[in-house]
Amino acid sequence: MYLDLIRTITPLLLIFMTEECVDIIFIKFNILHADCLKLIISKGLGYAIVAGLCLSNSPDWQDLQQRFYCGLSLATFVLETFCVIMNVSYNYVQGLPFSTWGESFFILLQLIIMLSQYFHYTSSKVLLLITPVLVPSLTYVLTTLPHQYLALGLTASIPLMALSKILQIKSNFMNGHTGQLSFITNLMNFLGCLARLFTVIQEVDDSLILFNIATVFILNAVIVLQFVLYWNAQPPKEKSS
């Protein structure tokens, strides 16, 4: 009866472990098997990152509207969308576990909505209509390309992703404070990236993906360190005329 139960729930268990680990843990009762425990932790962290992004990182549409009216740069959205498209396409073609890159897929969906909102508030009706079709179509086309071209595109996206963080780090250093940046948001980004780094090391044998995640992790760590260094520093108050 126990074996029948295990066979029944095996498809669910395979979300978090391999068939070999199912056998080791639930048949041979070796619940402290190191490799299987690492895999289970990695899978759990991976899906937690994906779920956490879906639950806590949805755009604030009223805030977006205010930002659009303030003249938010379209280039910011385009570059970020390009980077995420390359990441999603590369991971999909490589057949990597969804738990190691799923948050990028949902970020891409959010960017499609945000781009559409941008074109809505800037009265670009044609671009508003074609964006929900163009971005998924481009992503699909990229998944049909040979691996070497996708690797080249992902490599090109790494410095683009790093640039915004480097500029923020430079700005914090020059100003001597972190301004209006949210410590909680940046700390969560750092911890999430640390967890993602662990899952990639455990589940993905791809140096390009690892370099990508490690680069973002290091830059996030620098920003968190700046919060510590400039904890008591405050932006200068504007002088009243």
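The values are calculated or read from the model by the stated rules, or taken from the named source; none is laboratory data. Keep in mind it's a predicted model, so treat the numbers as computed, not measured. We place every Cβ from the backbone using ideal geometry, glycine too, and count neighbours over all the protein chains shown. For accessibility, only protein heavy atoms count, side chains too; no ligands or nucleic acids. Shrake-Rupley method; radii C 1.70, N 1.55, O 1.52, S 1.80 Å.
Contact order for the chain, expressed relative to its length and based on alpha carbon pairs under 8 Å spaced 6+ residues apart, stands at 21 percent. Residues in the chain average 61 Å² of solvent-accessible surface per residue, probe 1.4 Å, ligands and nucleic acids excluded. Packing here is the average count of other Cβ atoms within 10 Å per residue, and on that basis the peptides 81-92, 220-231, highest first, run 81-92, 220-231.
To test your reading of the geometry: what angle, between 0 and 90 degrees and rounded to tens, separates the Cα axis of helix 74-94 from the longest principal axis of the chain? For 74-94 against the chain, the angle is about 10 degrees. A helix-only calculation puts the chain at -25500 deg cm²/dmol for mean residue ellipticity at 222 nm, using -39500 (n - 2.57) for each DSSP H run of at least four residues, averaged over all residues.
The P(r) of the chain has a tail past 21 Å containing 67 percent of all C-alpha pairs.
Against the longest principal axis of the chain, how steep is helix 207-229, in degrees 0 to 90 to the nearest 10, with axes from Cα atoms? Its long axis makes an angle of about 50 degrees. Think of the chain as having a plus end and a minus end, set by charges on the Cβ of Lys, Arg, Asp and Glu; of N175, L108, T122, N175 sits farthest toward the positive end of this dipole. Relative to the longest principal axis of the Cα atoms of the chain, helix 34-56 runs at roughly 40 degrees.
If you take all other residues with their beta carbon under 15 Å from the beta carbon of Q226, and give Lys and Arg +1 and Asp and Glu -1, the sum is +2.
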